[in-house]
Amino acid sequence: MPARRLLILALAALALAGCVRKPAPQPIAQAAPAPAATAAANPAAAMAAVLPPPADIVEPYTLDSGDKLRIVVFGQDGLSNSYTVDAAGNINMPLIGAVHARGLTPAALSQAIAAQLRNGFIREPHVAIEVETYRPFFILGEVTFPGQYPFVPNMTVETAVAIAGGFTPRAYHFDVKLVRTMGGQTHRVAVPLTTPVRPGDTITIEERWF
């Protein structure tokens, strides 16, 4: 009797073991491509992602030496004229003399001129300013004709390279250095070719090593 009971228990255990199913195999997730592989496949996209343009690129334009301004003081023909920001960062106007312009927006300079005119010269001066000619930009390194060029509104680094005659055969297209003065400080950053250029910028195209 005990032997028969043991046989029954053994058969039941085998039946239960047969009902247990093995878990279905899980698919193996594919690993994302390594950054180095992505950069090798598309170096331009990698450069744009890793080295974005300067954060201040959308800030209002500020004046500096070489900018030529058209200043109109309404009702005052003797004051309305074209003025160039000199090497010291000033403009010189009749009655009020030197007015500091470097680092100011055209709107801020307009307010500064009005404040000085209001100080004993004109009761309620109304001043309007527009940039007549922007200061030049500079492009150096591996371009056909490096040097200084007049600024063109809405230009990019790629446009600047075209103005300078294009890349030389030794130019490295994906590592462009941009030097810009902001708030009295000079910043040097690596940027993609689509980066907007501002007056006074210095662009350097470096040489490739292979």
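What follows draws every value from the coordinates through simple rules; no lab data is involved. Please read these numbers as outputs of a predicted model, since none were measured by experiment. Cβ placement follows ideal geometry from the backbone for every residue including glycine, while neighbour counts extend to all protein chains displayed.
Name the one entry in VAL197, VAL176 that is under 22 Å from GLY103 (Cβ atoms), touching a helix residue (DSSP H, G or I) at 6+ places or on another chain (Cβ under 7 Å) and surrounded by 13 or more Cβ atoms within 10 Å (Cβ to Cβ). Give the derivation first.
Numbers: VAL176 fails: under 22 Å from GLY103 (Cβ atoms).
Testing whether each residue is under 22 Å from GLY103 (Cβ atoms), touching a helix residue (DSSP H, G or I) at 6+ places or on another chain (Cβ under 7 Å) and surrounded by 13 or more Cβ atoms within 10 Å (Cβ to Cβ) leaves just VAL197.
Condition check: closer than 23 Å to THR62 by Cβ and surrounded by 15 or more Cβ atoms within 10 Å (Cβ to Cβ). Does GLY184 satisfy that? No. Got at least one residue in the range 121-144 being closer than 18 Å to THR202 by Cα, of a type in the set (Val, Ile, Thr) and without any contact (Cβ under 8 Å) to a residue 60 or more places away in the chain? Within the range 121-144, one or more residues are closer than 18 Å to THR202 by Cα, of a type in the set (Val, Ile, Thr) and without any contact (Cβ under 8 Å) to a residue 60 or more places away in the chain.
Residue-level analysis places ALA162 among those that are free of Cβ contacts under 8 Å to residues at least 12 places away in the same chain and within 23 Å of the chain's Cα centre (by Cα). Of all residues in the range 158-200, those that are more than 12 Å from ILE139 (Cα to Cα) and not charged (D, E, K, R) total 21.
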